[in-house]
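Remarks on the structure that follows.
The values are calculated or read from the model by the stated rules, or taken from the named source; none is laboratory data. Computed from a predicted model, the values in this text were never measured in an experiment. Cβ atoms come from the backbone with ideal geometry, glycine included; neighbour counts cover every protein chain shown. Only protein heavy atoms, including side chains, enter the accessible area calculation; ligands, DNA and RNA are left aside. Shrake-Rupley method; radii C 1.70, N 1.55, O 1.52, S 1.80 Å.
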Amino acid sequence: MIGLIAAMPQEIDAITARMENLSTDKVADVEFRTGTLGNEKLVIALSGVGKVHAAIAATLMCQLYQPECLISIGVAGGLRDEQEVGDLVISNEAIQADFDTSFIDGPEGIGKVFKADAGLIDRAEKAAEKHGIPYRVGAVATQDLFMAHPDDYAKLMKNFPQAACSEMEGGAVAQVADAFELPFVILRTLSDVVVHEDNPVEFSTFSMASSKKAASLLETFCSL
């Protein structure tokens, strides 16, 4: 069984619309939907936004459903000039970017890094290629912060110049996966690119289109 975690309702709605044998349960404000997609059994959780919500959903999922892997999906802000709205980032690592014990531990206390699973990365790449979705394999930075100021971007890139995108849940899912000794990958569609002055798509319109794209990608992923 594949475990999937998403923050927004439209993301899980687009996926479960393609699933068969669907059932729903709710535990501690986390909604779980189970069924089949492609060749795989799937459990998907609606976590809500932020690291704490994502960690609660991922932990409950691991305890209640015993998934074979965890996948975090959703949107993110791109950090590279060559990126475009709608591009996909597939994680090779997840960074807890706002973890900071440097006052005690020095530079090594800034951030926690978790390596994504090579097999899941490969499957995601093949699915993206099949659908013609532009993608980059790179580091996903997670913070309980919506970056709205130049200083936010400067601080992130100073500490983690390898980061390809920034979002609010993936690093927490990765840390739970690490604790349960499960493989993981993060899949993020870019809703904006922070270094671009003009991000042309209105978010509510983008989120619906992104959710449908993610559902198609996952259906192919589950068939590989």
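First check a/c for segment 38-132, with a ≥ b ≥ c the square roots of the eigenvalues of its C-alpha gyration tensor; if it is under 1.5, answer rounded, and if not, answer prolate when a/b is larger than b/c or oblate otherwise.
Working: a/c = 1.92, a/b = 1.21, b/c = 1.59.
Oblate shape, in that a/c is at least 1.5 and b/c is the bigger or equal ratio.
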| field | For VAL137, distant residues with modelled amide H under 5 Å away | value | ILE90
| request: Over the chain, with every protein chain in place, what whole percent of the accessible area is carbon and sulfur at 1.4 Å, could you tell me? | output: 52 percent
| request: For LYS26, list the aspartates and glutamates whose Cα falls under 18 Å from its own Cα; do not include residues on the same chain fewer than 8 positions away. | output: GLU11, ASP13
| query | How far apart, in nm, are the 7 Å Cα→Cβ label points at VAL52 and LEU145? | reply | 1.8 nm
| said: Run the reach check for LYS158 against lysines, Cα to Cα strictly under 16 Å, same-chain hits fewer than 8 apart removed. What comes back? | reply: LYS112
| note | Amide H proximity to GLU31 below 5 Å, modelled H, separation 5+ or other chain, gives LEU46
| said: Compute the helix-to-body angle for 150-159: its Cα long axis versus the longest principal axis of the chain, expressed 0 to 90° and rounded to tens. | reply: 90 degrees
| task | State which entries of LYS155/LYS213; LYS51/LYS115; LYS130/LYS212 exceed 22 angstrom in Cα-Cα distance in the structure shown. | result | LYS155/LYS213
| field | 25 °C / 0.890 mPa s Stokes-Einstein diffusion coefficient of the chain, Kirkwood radius on C-alpha pairs, µm²/s | value | 142 µm²/s
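Using the heavy atoms of the protein chains and a 1.4 angstrom probe, tell me the accessible area per residue for segment 22-157 in square angstrom.
That works out to 49 Å² per residue.
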| Degrees separating the helix 118-131 axis from the principal Cα axis of the chain, which is the longest one | 80 degrees
| So how tilted is helix 51-65 from the main axis of the chain? Cα-based, degrees 0 to 90, rounded to 10. | 30 degrees
